[in-house]
Amino acid sequence: MRKLTIETFQNDVIDSTISVPLGLAKLASSTMLNNVSPAHAEMTTQAINDDTFTGIILEIEEHQSHERTVFSIV
């Protein structure tokens, strides 16, 4: 079963990881996708709906705190 994995890194060291079934992520994604560019929202929606896609769909980096959050489909 495919899942959405969210990993948080502090100073490039993994701090926490959470994984949820992709079906649940699909339900929650509509709220999140309202806060990104239309092009990125479309690309993310395509990745979620493509049964063969695996990989990173979004990476957020906070330079001042050296924190990075990675959303990926595995």
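Summary table
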read-out: Residue-by-residue Karplus 3J(HN,Hα) for segment 17-29, coefficients 6.51, -1.76, 1.60, Hz, glycine and proline x; value: 9, 9, 10, 10, x, 4, x, 5, 4, 4, 5, 7, 5
read-out: Of Ile56, Ile14, Ile48, the one that fluctuates the most in a GNM where the chain has Cα springs shorter than 10 Å; value: Ile14
read-out: Within the accessible area of the chain (1.4 Å probe), percent carbon and sulfur; value: 56 percent
read-out: Heavy-atom surface of the chain, accessible at 1.4 Å and reported per residue (Å²); value: 68 Å²
read-out: Two-site label geometry, Ser65 and Lys3: point separation in nm, points 7 Å out along Cα→Cβ; value: 2.5 nm
read-out: The chain: angle of helix 38-49 to the longest principal axis, Cα-based, in degrees nearest 10; value: 70 degrees
read-out: Relative contact order of the chain, defined on C-alpha pairs under 8 angstrom at six or more residues apart (%); value: 41 percent
read-out: Shape box of segment 1-43 [Cα atoms, principal axes, largest first, Å]; value: 31, 26, 15
read-out: Cβ-Cβ FRET estimate between Ser19 and Ala47, R0 fixed at 22 Å, reported to 0.05; value: 0.85
read-out: Cα-centre dipole for the chain with unit charges at Cβ (Lys and Arg positive, Asp and Glu negative), debye to 20; value: 320 debye
read-out: Which labelled figure in (i) 69; (ii) 91; (iii) 102 is volume of the Cα convex hull per residue in Å³, once derived from the coordinates; value: (ii)
read-out: Helix-only [θ]222 nm of the chain, DSSP H runs n ≥ 4, -39500 (n - 2.57) each, per residue, nearest 500; value: -10000 deg cm²/dmol
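The values are calculated or read from the model by the stated rules, or taken from the named source; none is laboratory data. Note that this is a predicted model, so its numbers are computed, not measured. Heads up, the Cβs are rebuilt from the backbone with ideal geometry, glycines too, and the neighbour counts pull from every protein chain shown. Ligands, DNA and RNA are stripped out before the accessible areas are found, and what is left, the full protein with its side chains, is counted by its heavy atoms. Shrake-Rupley method; radii C 1.70, N 1.55, O 1.52, S 1.80 Å.
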